[in-house]
1. Is it true that some residue in the stretch 210-229 is assigned to a helix (DSSP H, G or I), of a type in the set (A, V, I, L, M, F, W, C) and within 30 Å of ALA456 (Cα to Cα)?
2. Test each condition in (1) more than 28 Å from ALA209 (Cβ to Cβ); (2) of a type in the set (Val, Ile, Thr); (3) part of a helix (DSSP H, G or I) for THR251 and report the one that comes out false.
3. Filter the stretch 406-447 down to the residues that are surrounded by fewer than 17 Cβ atoms within 10 Å (Cβ to Cβ) and among the basic types (Lys, Arg) and list them by number.
4. Six or more apart or on different chains, Cβ under 6 Å: which pairs go from a residue in the stretch 230-243 that's within 11 Å of LEU207 (Cα to Cα) to one that's among the hydrophobic types (A, V, I, L, M, F, W, C)? Could you list them?
5. If you go through the stretch 143-153 one residue at a time, do you hit one that is surrounded by 14 or more Cβ atoms within 10 Å (Cβ to Cβ) and part of a loop (DSSP other than H, G, I, E, B)?
6. Just for the stretch 285-314: of the residues that are closer than 22 Å to ALA463 by Cα and either free of Cβ contacts under 8 Å to residues at least 60 places away in the same chain or acidic (Asp, Glu) (or both), which one is surrounded by the most Cβ atoms within 10 Å (Cβ to Cβ)?
7. Tell me the residue from ALA332, ALA390, ALA318 that is assigned to a strand (DSSP E or B), at negative phi and in contact (Cβ under 8 Å) with a residue 40 or more places away in the chain, please.
8. Take the residues in the stretch 316-343 that are farther than 30 Å from GLN119 by Cα and out of contact with any Ser or Thr (no Cβ under 9 Å at 6 or more places or on another chain), then tell me which one is surrounded by the most Cβ atoms within 10 Å (Cβ to Cβ).
Amino acid sequence: MSVSLPPYTRRAALLALALLTGCAAVVPPSQVSTSQQALATLPSPAAQAADVGRGQLASNWWQALADPQLDQLLQVAMQQNHTRQGALATVRAARHVADASLREALPQGSLGLQAQRQQLSSIEVDPYRQGQPRPPVQQLGMVQQSLSWELDLFGRAGTAAAIAERQADIQAADLRAATLLLQADVVRQYTRWQQARLNRALLLDELDALQQRQVQLQRRQQAGLADPRDVLAAASASQQSQAELAANDATAAAAAAALAVLCGHNPLTAPQRDSEQRLPAVPADTAIRYPDDLLARRPDVVRADAQLRVSLGEAVLADRAHLPRLSLNLAAGVMAPFGQLGNADALRYALGPAFSWDWLDAGRRAARRAGADQQRLAAWHQYEQTVLTALQEGENSLRQWQASRIQLASAESAAALATQSAAYSRTRSQAGLEPQSLALAQHAAALQAQRQQLAARTEAIVAYVQVQLALGAWQAAPGSEG
């Protein structure tokens, strides 16, 4: 299936191709930018199938789950999660490095102070052996101010500054990814924790019903009214329910520990959470929108684009490394024996341009250029693959969302029918029309259906989270780092 790209990606591809002028033999034509324009004008096939229209994604997408406690957990995690805070510090450090690189093209001044005790050798004073006496030992002082400015004739300094900016963009994309993953993990772990808590209550009720049924069947067997195989099957069902209860408790503990870590707390000492036992609401289809700027929102695509630009800049630097350098230099100061630094004769200065050119490099430039070309080729293919993967994940997440809604509807219908069947069986049992063990079996089946409905609701919420991940829901405020 061919896919088209939003204007953001097409512009990035055109810019990349423009920068690659003369290097067509190194980087192949883009397979992404030649796709049809349907993505820019119409919803994707999966969006059409899920009845998801175009629009702007909400930055606080989890609010569609309508859970105040979850909102509080996310606020804590955004402020205290160590992975995100570390990524934020890395972005700030990269911005400072980029700022320092930008200032490398500006003039640089320095102040030098020096004191020395000097004694010239005989060969320095009388190199031709003419009997010149050695001068006395001198104690000299020097104060000097210097100013130098390398003219960026061939854009090396500007290219290096641009590379540093793109490196900072890479770190910013990593921060966006860390933030979105953090939000998604908090929602998923919270949902699974609440599911396990609700599931435990249902499992305890189900285990009680199964154990009562086992006792009833044992009595009926002793009376010759039940098959021993039914008693064994009831005992097996009770044991399976106990095993599920143990696994469920482990899942609840693991989710609670994960939430503690995500919020920056010690899982060994974090207090046990005590809150209302309920799952977040399953969002409606209207809570999902297919963004026009899908690829621009995806942190992995933004990162791959920045990495491609870095590789292009590195190739430019490798290609221009052999070009001449020209700088303007000024040095002024005083040098004289101590106590005479204020004399007019102590003044010294130097002013003039400096030119250098490494005209012989013995193939080093060609080797660096070849390596830079291969790095650029690798970055190009990584960019192409990242774009295609992003589109694939968007389609898969939307189809999984649609499937989860269908599964949830079926699970809700099955739970309602099982509850009606259990109520009917209980009525017949109370009227003496069927054994109590059968009513207990129907009650256990209804509880199982409720647990399956609970699992289907959880999976629908997880599918909703995955859609937000795939479509890049989270966006930093303009001019901020998150």
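The values are calculated or read from the model by the stated rules, or taken from the named source; none is laboratory data. Note that the coordinates shown come from a computational prediction; the quantities given were computed from them, not determined experimentally. When we count neighbours, we look across all protein chains shown, and the Cβ atoms used for this are built from the backbone with ideal geometry, even at glycine.
1. Keep residues of the stretch 210-229 that are assigned to a helix (DSSP H, G or I), which gives 210-222, 228-229.
From what is left, the residues that are of a type in the set (A, V, I, L, M, F, W, C) are 210, 215, 217.
Imposing the further condition that a residue be within 30 Å of ALA456 (Cα to Cα) reduces the set to 210.
Scanning the stretch 210-229 turns up at least one residue that is assigned to a helix (DSSP H, G or I), of a type in the set (A, V, I, L, M, F, W, C) and within 30 Å of ALA456 (Cα to Cα).
2. Going through the list (1) more than 28 Å from ALA209 (Cβ to Cβ); (2) of a type in the set (Val, Ile, Thr); (3) part of a helix (DSSP H, G or I), THR251 breaks only (1).
3. ARG428 - this is the single residue of the stretch 406-447 that is surrounded by fewer than 17 Cβ atoms within 10 Å (Cβ to Cβ) and among the basic types (Lys, Arg).
4. Pairs that qualify, where the first residue is within 11 Å of LEU207 (Cα to Cα) and the partner is among the hydrophobic types (A, V, I, L, M, F, W, C), are ALA234/LEU217; ALA237/LEU210; SER238/LEU210; SER241/LEU207; SER241/LEU210.
5. Start the filter on the stretch 143-153 by keeping residues that are surrounded by 14 or more Cβ atoms within 10 Å (Cβ to Cβ), which leaves 143-144, 146-150, 152.
With the extra rule that they be part of a loop (DSSP other than H, G, I, E, B), the set shrinks to 152.
Yes - at least one qualifying residue is present in the stretch 143-153.
6. Selected residue: ASP300.
7. Exactly one residue qualifies, and that residue is ALA332.
8. ALA318
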